[in-house]
Ligand SMILES: Cc1ncc(COP(=O)(O)O)c(C=O)c1O
């Protein structure tokens, strides 16, 4: 039975209960990640309440006062680090999330109402929202499709592009085990329809791209790329757009002020802090995400679960897809059993190649939380025992809690503990409304 409307103390209690459960559990949801306590600071301090628009520090444009002292964090930390790691000359940190970045990219680059956007078909892992957002902007939608769920048919792409000459090709892999060959796709677009722009929505791959472990879409010839900063990138819920093209920069600047007002300034400060940390551990973390994912796929398969794409090494990135129905356990039931053991996963219809529901997991947060290669067999044992219900959930949950004892990468940085200690008083004062 649902509780009566919770009062404030109920909400605080629910938060505390959630926190206690979260401390003992591990998210294997590929769209989620974690970040350091330090990077969360701007979210609980006064900065959370401030607008910031005056990027040029024009004395006549501080129409919203209060964030002047923090301007340099967005302008001299967040943006330059994204430009460097993303190999771009312009970065917009305005988007609030991946879907918001998609809306901004489609509104900016997808052409006027009546023009056509070509995007990845759902059968090849395209994001569910892309066609709907494009259609709401008055754009028509056509699909890139593939000979299998993991590759695109470039001959079909060339024929389609040459025939319809779309304004934009929007590459939106969301259910994705292997990145498409963006360089080959861009070459196809340039030959078949030279006026067409290419935008890569790398929401799922962002951490792997910024770490240099996945190819940079701009190096592959794309006109722009972007996406969420909280999936493989261990940062705040937020998104970014990047380009090297001055005319695209101009178009983004002209559009974004009318789609986004508050860009959640504190999140851009958090993102800057997460990037400062990421430049220390990013490449090693991203390599670990990729190797953990492949290893975990193999370990689950060795223990008898059906893991998709065994013939291709299971995954090149952070996602694995499991057909637990094939192993006699409906994905929703498997997900319930895993949750009781402290492991949170996705289950859903629509995974490419599936005719019924499947399970989608990711090793990105596990890698950020510091799980090592030696931890993976234990994680796989717990996972399989939970799915098959061969051990009591409470014992499995204790084993997951033990795995959660590893030190997260952000907290392991040399200066982290001391900076966090010195910030605690700041947090207490802010939470008390600066009255003590
Ligand atoms: C390609 C792509 N674009 C956009 C989104 C939406 O991102 P967010 O949840 O940050 O709004 C996703 C999420 O999975 C995605 O995969």
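Quick notes on this one:
- Expressed to the nearest 5 percent, the antiparallel share of DSSP beta bridges inside region 38-276 is 40 percent.
- Subtracting the Cα-Cα distance of residue 112 and residue 153 from 0.36 nm times their residue separation leaves 12.0 nm of extension gain.
- With the convex hull of its Cα atoms as the shape, region 118-163 has an orientation-averaged projected area of 3.1 nm².
- The length gained by stretching the chain between residue 72 and residue 17 to full extension, at 0.36 nm per residue less their Cα-Cα distance, is 16.1 nm.
- Set against the 2.2 N^0.38 Å expectation for a compact globular protein, region 110-212 has a Cα radius of gyration ratio of 1.01.
- Neighbour-count order for 306, 116, fewest beta carbons within 10 angstrom listed first: 306, 116
- Region 282-403: proportion of alpha-carbon pairs further apart than 25 angstrom, %: 16
- Under 11 Å from the residue 246 label point (7 Å along Cα→beta-carbon), backbone N, region 152-177: none
- The convex hull of the Cα atoms of region 38-276, projected and averaged over all directions, covers 12.3 nm².
- Ranked list, fewest to most other Cβ atoms within 10 Å of each Cβ, for 102, 348: 348, 102
- Once the mean of 1/r is taken over each pair of separate Cα atoms and inverted, region 282-351 shows a Kirkwood hydrodynamic radius of 13.0 Å.
- Calculated P(r) tail over 19 Å for region 235-339, as whole % of Cα pairs: 66
- The share of C-alpha pairs in region 334-436 whose separation exceeds 19 Å stands at 59 percent.
- As a size descriptor, the averaged projected area of the C-alpha convex hull of the chain was calculated at 23.0 nm².
- Once the Cα gyration tensor of region 170-214 is diagonalised, semi-axes √(5λ) in Å: 22, 11, 10
- Each of residue 422 and residue 434 was given a label point 7 Å from its Cα along the Cα-to-Cβ line. The distance between the two points is 2.1 nm.
- DSSP beta bridge pairing in the chain, given as percent antiparallel to the nearest 5: 50
- Between residue 326 and residue 284, the simple spin-label model (points 7 angstrom out along Cα→Cβ) gives 3.6 nm.
- Point-to-point label distance, residue 390-residue 254, nm (Cα→Cβ direction, 7 Å offset): 6.3
- Calculated SAXS-style log₁₀ I(q)/I(0) at q = 0.13 Å⁻¹ - region 157-303, Debye, Cα scatterers: -0.69
- Volume per residue that the Cα convex hull of region 1-128 spans, once the total is divided by residue count, Å³: 268
- Using a cutoff of 8 angstrom between alpha carbon atoms and counting only pairs six or more residues apart, the relative contact order for the chain works out to 22 percent.
- Residue order for 214, 52, fewest other beta carbons within 10 angstrom first, comes to 214, 52.
Coordinate-derived values only; no laboratory data. It should be emphasised that the depicted structure is a prediction, and the values quoted were computed from it without experimental measurement. Don't worry about glycine lacking a Cβ; one is built from the backbone with ideal geometry, like all the others, and counts go over all protein chains shown.
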